[in-house]
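Some notes on the structure that comes next.
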Amino acid sequence: MDRPRILLLDRPSPSLRSLTTALEAQGFEVTQTDEPGVAQAAIRAGECAVLLGEIHLAAEAVLTEVRGLALVPPLIVFDDFAGSAGPGAALRASVFDTLARPVSDEEVLRSVRRALESHTLRIENTRLKQELQEHGDFGPLLSADPRMRRLFDTLGTVADSRATLLLAGESGTGKTQLAHAVHAKSARASQPFVEVNCGALPTALLESELFGHVRGAFTGAVRDRVGKFEQAAGGTILLDEIGSASSELQLKLLRVLEEGRYERVGDTKTRTVDARVIAATNVDLEAEVAAGRFRADLFYRVHVVAIEVPPLRARVADIPLLARRFCARFARLHGREVRGLTADALHSLCSHAWPGNVRELENAIERAVLVARGTELDAPDLWPADRRAPPPGTPLDFEGWQAGPPAELKRALEGPERWLILRALAQHGGSRSATARALGINRTTLFNKMRRYALLSFPISPGDAPDAEPDERAA
C-alpha cells in the first residue's frame, strides 16, 4: 500500500536532509523540491498528503493556482521570522501550522502527524458527502450499486399497491429488510407486519401457523389459535422460503392469494382476510416449476412483481458503506470505543467473496468490534485465528455479463469495464494513482468512471489525496 507522501518545498540544506531522514524513518515517502511549479503539479496530481515548505516558496504562487481544487493538502510552513509582518503574513490564516526556525525534527514530526489526522478527517467528510450524493436509499437501506438503486426505484413505485411481490436472491442478501421497507412505505404501514419462515416448520404445523386452528383439531390443540394471516389483517405478511411449502399447502396459499379466503385447521367456517403478501425465496422457482415441485399457478400468482436481489460479491461498492454502518451500530450496542475501519480492513473486506452475503458481513463486523483492541477495526480483527484472511487483490467475481438479448455496444461494455476497475482497485489497495496507471488511463478519467459506476465509496489508499471534481469530458 502507498505510504503517505510528504512534499518538502524548500532549498537544500543539512537540516533539510536530516528532516528527510527522520520523516522516511517514520514511514513517509518524501519528495524535495525548491520549485513552486513542481509542488503545484504534485498537488494537482494528488501526489501530496502534506506540504512542508519555506514560507516564501509556499506562498500565494502555489495556493492561488490550486485554490479551485476540492481538497488541498494541509500546509505547514517554516518561517525564519514567525509572527513578523512580511510576504507570508497574508498566508498564515490559511496554513495548518507555522513553525519558527530553528525547529527540531521531533516538533516537525508532531506537526505532520496532526496535519495528517486533520487531512484524514477532511477526506472522510468528503467521502461521506460523496456517498450521500452517490448512494440510493430505500427507507433505512442504502446502496451505491446502480442495480440496487434501480431495485429501490421499482420497490418504491409498487410499495403502495396491493400487488403480490416476490423477492428472490441468495440467503443473507437482505430480502427481509426490503420487505420491511416496502411495508413501511405503503399505506399499510400502521398495520401489522407478520413474518413466517415456511422452511422452518413441518407442513402440519406450518398450516396451523399460517391459518390457525380450532380446539381439538389435533393432539395438543387445547384452545383456538389465530393464524398469521389473520394477525396480518390490514397489513403485510412475508412468506419467507415459500419454495419449501408442500404441494398441499401451496394449493391453500393459492386460494388465499386469489380469493382472500381460508379455513382454520379443523374448522369448516370460511374466513376472509385482506393482507398484502410478499414472498421470498433463495431457490429458482421457475426451475422448481419445471421439476414439478412448485405449482405453476401459484408461481404466476406470486410473480406479479419479481425482484432479484444481487449477492454482495456482485456489488462490492456497498461493502465499505455497510461495514461502516455495522461498525457504528455494534460499537454503540456493545459500548466499544471503535470509531471506524482502517484502509487495510476495508480492502480485506472488499477482497472477500462473502458467500453468506450481508448477513455474513454483519456478523464479521460485530465479532471484530468485540475483539478489537484499538479504536479502528484492522484487517486481523476481521478473521478468527483459525480462518485465513483472503489475500489482497483476490479477483472479484464478475456476474454482470451474462448471455441475453443483444444490447447497445456501449451499454453492453459497461459491465466488464466496471468489473475491471473494481479488480484493479482491489489489486492496488485502493490507490487510485496506481489503478489509473495499471489501466492505462489518467486519474481524472478513472475518477469519472468510478463516479459513473457508483464506485466512489471504494476505500481510498491513505497515500492518495482525494480527487478534485473532474471535467466530465475526460471520461
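The values are calculated or read from the model by the stated rules, or taken from the named source; none is laboratory data. Nothing here was measured: the structure is a model prediction, and the numbers come from that model. Neighbour counts run over all protein chains shown; Cβ positions are idealised from the backbone, glycine included.
Of all residues in the range 194-222, those satisfying the criterion of being in a loop (DSSP other than H, G, I, E, B), touching a residue at least 12 places away in the same chain (Cβ under 8 Å), more than 22 Å from THR176 (Cα to Cα) and among the hydrophobic types (A, V, I, L, M, F, W, C) are VAL214, ALA217, PHE218, ALA221. When each of VAL302, VAL316 is tested for being β-branched (Val, Ile, Thr) and under 18 Å from GLU241 (Cα atoms), the lone residue that passes is VAL302.
Just wondering, is there one or more residues in the range 364-375 that are outside any helix (DSSP H, G or I) and modelled with pLDDT of 90 or more?
At the first step, the residues of the range 364-375 found to be outside any helix (DSSP H, G or I) are 372-375.
Those left that are additionally modelled with pLDDT of 90 or more: 372.
Scanning the range 364-375, I find at least one residue that is outside any helix (DSSP H, G or I) and modelled with pLDDT of 90 or more, so the answer is yes.
Yes or no, residue by residue, for (1) touching a residue at least 60 places away in the same chain (Cβ under 8 Å); (2) over 21 Å from VAL256 (Cβ atoms); (3) crowded, with 18+ Cβ neighbours inside 10 Å; (4) among the basic types (Lys, Arg):
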site	(1), (2), (3), (4)
SER143	yes, yes, yes, no
ARG147	yes, yes, no, yes
PHE152	no, yes, yes, no
VAL182	yes, no, yes, no
PRO192	no, no, no, no
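Identify, please: which residue in the range 215-241 is farther than 23 Å from SER161 by Cα and of a type in the set (A, V, I, L, M) and is, among those, surrounded by the fewest Cβ atoms within 10 Å (Cβ to Cβ)? Going through the qualifying residues, I end up with VAL222.
Scanning the range 189-236 for residues that are among the β-branched types (Val, Ile, Thr) and within 22 Å of LYS269 (Cα to Cα) gives THR203, VAL214, THR219, VAL222, VAL226.
Taking the numbered list (1) closer than 18 Å to LEU377 by Cα; (2) polar (S, T, N, Q); (3) touching a residue at least 60 places away in the same chain (Cβ under 8 Å) in turn, ASN357 passes all entries but (1). Scanning the range 324-379 for residues that are out of contact with any Pro (no Cβ under 7 Å at 6 or more places or on another chain) and among the hydroxyl-bearing types (Ser, Thr, Tyr) yields THR342, THR375. Candidates in the range 155-167 are the residues that are of a type outside the set (D, E, K, R) and surrounded by fewer than 21 Cβ atoms within 10 Å (Cβ to Cβ); of these, the one that is nearest to THR281 (Cα to Cα) is THR164.
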